[in-house]
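The values are calculated or read from the model by the stated rules, or taken from the named source; none is laboratory data. Everything numeric here is computed off the predicted structure, so don't read it as measured data. Every residue, glycine among them, receives a Cβ derived from its backbone with ideal geometry; neighbour counts consider all protein chains shown.
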Amino acid sequence: MKQPVRVTVTGAAGQIGYALLFRIASGAMLGDDQPVILKLLDITPALEALEGVRMELEDCAFPLLAGVECTDDPNTGFKDTDYALLVGARPRGPGMERKDLLEANAAIFSVQGKAINDHASRNIKVLVVGNPANTNALITQRNAPDIDPRNFTAMTRLDHNRAMTQIAIKTGTTVNDVTNMTIWGNHSATQYPDLFNAKVNGQAAIDLVDQAWFEEDFIPTVQQRGAAIIKARGASSAASAANAAIGHMRSWALGTEGDDWVSMGVYSDGSYGIAEGLIYSFPCRCCNGDWVIVQDADINDFSRAKMQATEQELIEERDAVAHLLG
Ligand code: NAI
């Protein structure tokens, strides 16, 4: 049996946390031969609820679960940790402007970035789920200057999975037939789900649908799916978000399949002309615990304009929190 690795989950007492922790402990994220020690971090008022989650984790008697620690102290929560899923975030309150939301979260993620910098494994892999995920990831990364910026990522895998299912339904196929999906840019309503590079049974997905459906139905459906779920369920996506987080980390740690790729918000190196240093969602292939941005995706004028619009939003978010970027 391998040595256990430490996995920190923030916001562990929340609804995504509840859908996430049991699957990590079951081996769904890192494989069924990898024991894990779960480190659950939440705020002080949530500690009692967290204790209940710990009891339930114990009651599952997962063979791979080598320990559970609960804390409200980021320095303890990130100590020696190998994987961190940053889920806990400040939701938008009544009358809160976007800038207020950015600032409230910047305060949380700058503290966590510093704690990661000071206490975590130097090889930590960080996934930010809490919104605004890309900019929260940027803040975390900029506050952890001793760690490779490539180790900080943001989640667009849920958008990726949503896009896969929408094109499968439209073409009367299943997600098993869909490959090479890409979400470009920000995890927000400006994201660009790309059907020019996606394939269904090896055929260009865009050739199987008409342009009007792509522009007026597919793109807005994927962009607005989070809001549609809140309207229907009265609460934001939780099980699907947790599933996407598992998928993101699993791809990163264990690799992507064949020539296929996944969408990950990663540190931009300037690929496709996107501003360097932004956390931007690109098509990525993973191997040996590392990711690379796929370099040969086709970009036409339509795609270029959409990619730049979502880039512009990320630049504005970055500039709004510039004073907190470490
Ligand atoms: P929730 O409100 O059920 O849980 C959030 C938890 O975070 C609570 O237990 C809260 O006490 C905790 N928390 C707040 N501040 C914290 C801090 N400073 N340190 C540690 N824990 C803290 O929310 P839910 O539904 O679990 O969603 C969490 C986040 O994930 C939200 O920001 C949501 O917008 C985001 N999200 C992102 C998605 C994506 O695709 N990237 C998809 C769905 C949700």
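Inspection of segment 91-106 finds no residue satisfying the criterion of being touching a residue at least 60 places away in the same chain (Cβ under 8 Å) and within 8 Å of the ligand (Cβ to nearest atom).
Glu215 falls short on exactly one of the conditions (1) touching a helix residue (DSSP H, G or I) at 6+ places or on another chain (Cβ under 7 Å); (2) under 24 Å from Tyr280 (Cα atoms); (3) of a type in the set (D, E, K, R), and that condition is (1).
The condition (being closer than 30 Å to Phe78 by Cα, part of a helix (DSSP H, G or I) and away from the ligand (no atom under 12 Å from the Cβ)) is satisfied by just one residue among Leu158, Leu138: Leu138. Residue count for segment 161-201 satisfying the condition of being within 23 Å of the chain's Cα centre (by Cα), β-branched (Val, Ile, Thr) and surrounded by 19 or more Cβ atoms within 10 Å (Cβ to Cβ): 5.
Here the condition is being in the same structural domain as Met307 (by the TED database), over 20 Å from the mean Cα position of the chain (by Cα), closer than 20 Å to Ile299 by Cα and of a type in the set (Val, Ile, Thr); of Ile219, Ile206, it holds for Ile206 alone. In summary, Phe196 fulfils each of the numbered conditions (1) among the hydrophobic types (A, V, I, L, M, F, W, C); (2) more than 23 Å from Gly14 (Cβ to Cβ); (3) not in a loop (DSSP other than H, G, I, E, B) with the single exception of condition (3). If only residues of segment 136-160 that are over 16 Å from Val321 (Cβ atoms) and basic (Lys, Arg) are counted, the one that is surrounded by the most Cβ atoms within 10 Å (Cβ to Cβ) is Arg157. Has segment 115-135 got at least one residue that is within 14 Å of the ligand (Cβ to nearest atom) and surrounded by fewer than 15 Cβ atoms within 10 Å (Cβ to Cβ)? No: segment 115-135 contains no residue that is within 14 Å of the ligand (Cβ to nearest atom) and surrounded by fewer than 15 Cβ atoms within 10 Å (Cβ to Cβ). Can you confirm whether Val5 is in contact (Cβ under 8 Å) with a residue 24 or more places away in the chain, surrounded by fewer than 20 Cβ atoms within 10 Å (Cβ to Cβ), more than 17 Å from Ala89 (Cβ to Cβ) and more than 15 Å from the ligand (Cβ to nearest atom)? Yes.
Quick grid of which residues meet (1) in contact with a His (Cβ under 6 Å, 6 or more places away or on another chain); (2) at pLDDT 95 or above:
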position	(1), (2)
Phe78	yes, yes
Gly88	no, yes
Pro94	no, no
Glu97	no, no
Glu103	no, no
Lys114	no, yes
Asn143	no, yes
Ile147	no, yes
